[in-house]
Amino acid sequence: MLATNKIIHQITLTPEDHRLAKEFARQQPTREKVKQVYINTLAVKGGDRFIQWLGYETDLETADSWNYGLRLFNNIADLVIPELGKIEFCPILPNQQEMTISPDSLEERIAYIAVQFQEELTEIQFIGFVTDIDTENPPESINLDDLKPIDQLGDYLDRLQIAKQDQEIDGIIEPINLELTPEKMIEMIAKFERLYREGDPDDWRYDGRDILEEYLPLSSAQAILAKENLETAEIDLRDIAEQILARFKELWD
């Protein structure tokens, strides 16, 4: 049983959910893969209804987990929220007390949600979630009691959406020429959201600077040149970070 006092959200799995899970599972080459895909599909189908219940549109068809080839060679259970990005559902089997994140899902995810299964596979419970996983040094597992409460997921998604739609942010970051893709912009916003929610305001300038540095040009030579250009133009990344956080605080408060 789940050892947590957190609020959970429960979804009943339908016969159609199981029919589709069986269809996807039959396509797999090994017994282990059959079980993996069956459980992942149920998690995504239930998760699809949960995210819609939160008020967000979803797109199953463009998810990696709905792609035959990607499903065959990867352990994935993702769902696309248009204009925001992908979330990953992490199945938790009965009596498990930790969430494991598949190495195949460590790119471009705005949240990882723990999905607890029961023996009968008639319902699933959404326990909690995490954001901003370190993809280079991911945790082997996360205790369920260390997850953010699932009732905060809607607020988190709302903050991402509000920040993404704000045009003032583009003006704030314009001097440093980040040229972010929509996916990278959401990723950066998610990092700032975590800093806003969990960081010490006295350290916002410095921690925010570290976030911005991640999105400077990737090669060493380009990064050095970019920093030199910033210094020549008397632009301090700490000042830019402080402006971003001040704007986000205004929006999110």
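The values are calculated or read from the model by the stated rules, or taken from the named source; none is laboratory data. Values in this document were obtained by computation on a predicted structure and should not be read as measured data. Note that we place each Cβ from the backbone using ideal geometry, even for glycine, and neighbour counts take in every protein chain shown.
Here is how the numbers come out for the structure above:
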{"read-out": "The stretch 136-145: number of residues that are closer than 23 Å to residue 79 by Cα and outside any strand (DSSP E or B)", "value": "6"}
{"read-out": "Test: residue in the stretch 127-135 that is out of contact with any helix residue (DSSP H, G or I) (no Cβ under 6 Å at 6 or more places or on another chain), outside the structural domain of residue 246 (by TED's automatic domain parsing), farther than 21 Å from residue 83 by Cα and at pLDDT below 90", "value": "yes"}
{"read-out": "Residue satisfying all of: in the stretch 55-82; of a type in the set (D, E, K, R) and over 19 Å from residue 30 (Cα atoms); surrounded by the most Cβ atoms within 10 Å (Cβ to Cβ) among these", "value": "78"}
{"read-out": "Inter-residue pairs, beta-carbon under 6 Å, first aliphatic (A, V, I, L, M) and in the stretch 207-226, second surrounded by 14 or more Cβ atoms within 10 Å (Cβ to Cβ) and modelled with pLDDT of 85 or more, 6+ apart", "value": "211/191; 212/237; 212/241"}
{"read-out": "Qualifying residue in the stretch 22-43 (condition: under 17 Å from the mean Cα position of the chain (by Cα), without any contact (Cβ under 8 Å) to a residue 40 or more places away in the chain and assigned by TED's automatic domain parsing to the domain that holds residue 122)", "value": "no"}
{"read-out": "Condition check for residue 104: within 15 Å of the chain's Cα centre (by Cα), surrounded by fewer than 17 Cβ atoms within 10 Å (Cβ to Cβ) and free of Cβ contacts under 8 Å to residues at least 12 places away in the same chain", "value": "no"}
{"read-out": "Condition met for residue 88 (in contact with a strand residue (DSSP E or B) (Cβ under 9 Å, 6 or more places away or on another chain), part of a strand (DSSP E or B), under 26 Å from residue 28 (Cα atoms) and not hydrophobic (A, V, I, L, M, F, W, C))", "value": "yes"}
{"read-out": "Any pair with Cβ under 9 angstrom, 6 or more apart, that starts in the stretch 118-130 at a residue that is part of a strand (DSSP E or B) and ends at one that is of a type in the set (Asp, Glu)", "value": "128/145; 128/146; 130/146"}
{"read-out": "Qualifying residue in the stretch 34-54 (condition: basic (Lys, Arg), surrounded by 19 or more Cβ atoms within 10 Å (Cβ to Cβ), at pLDDT 95 or above and part of a helix (DSSP H, G or I))", "value": "yes"}
{"read-out": "All helices (runs of 4 or more DSSP H) inside the stretch 166-253 with 2 or more residues being touching a strand residue (DSSP E or B) at 6+ places or on another chain (Cβ under 7 Å), outside the structural domain of residue 83 (by TED's automatic domain parsing) and at pLDDT 90 or above", "value": "182-198"}
{"read-out": "Residue 159, sole failed condition from (1) surrounded by fewer than 18 Cβ atoms within 10 Å (Cβ to Cβ); (2) in a helix (DSSP H, G or I); (3) not aliphatic (A, V, I, L, M)", "value": "(1)"}
{"read-out": "Failed criterion for residue 57 (all others in (1) of a type outside the set (Val, Ile, Thr); (2) closer than 26 Å to residue 164 by Cα; (3) touching a Leu at 6+ places or on another chain (Cβ under 9 Å); (4) at pLDDT 95 or above hold)", "value": "(3)"}
{"read-out": "Failed item, numbered, when residue 96 is tested on (1) of a type in the set (S, T, N, Q); (2) at pLDDT 95 or above; (3) surrounded by fewer than 20 Cβ atoms within 10 Å (Cβ to Cβ)", "value": "(2)"}
{"read-out": "Sole exception among (1) surrounded by fewer than 20 Cβ atoms within 10 Å (Cβ to Cβ); (2) more than 23 Å from residue 63 (Cβ to Cβ); (3) in contact (Cβ under 8 Å) with a residue 12 or more places away in the chain; (4) not hydroxyl-bearing (Ser, Thr, Tyr) for residue 204, by number", "value": "(1)"}
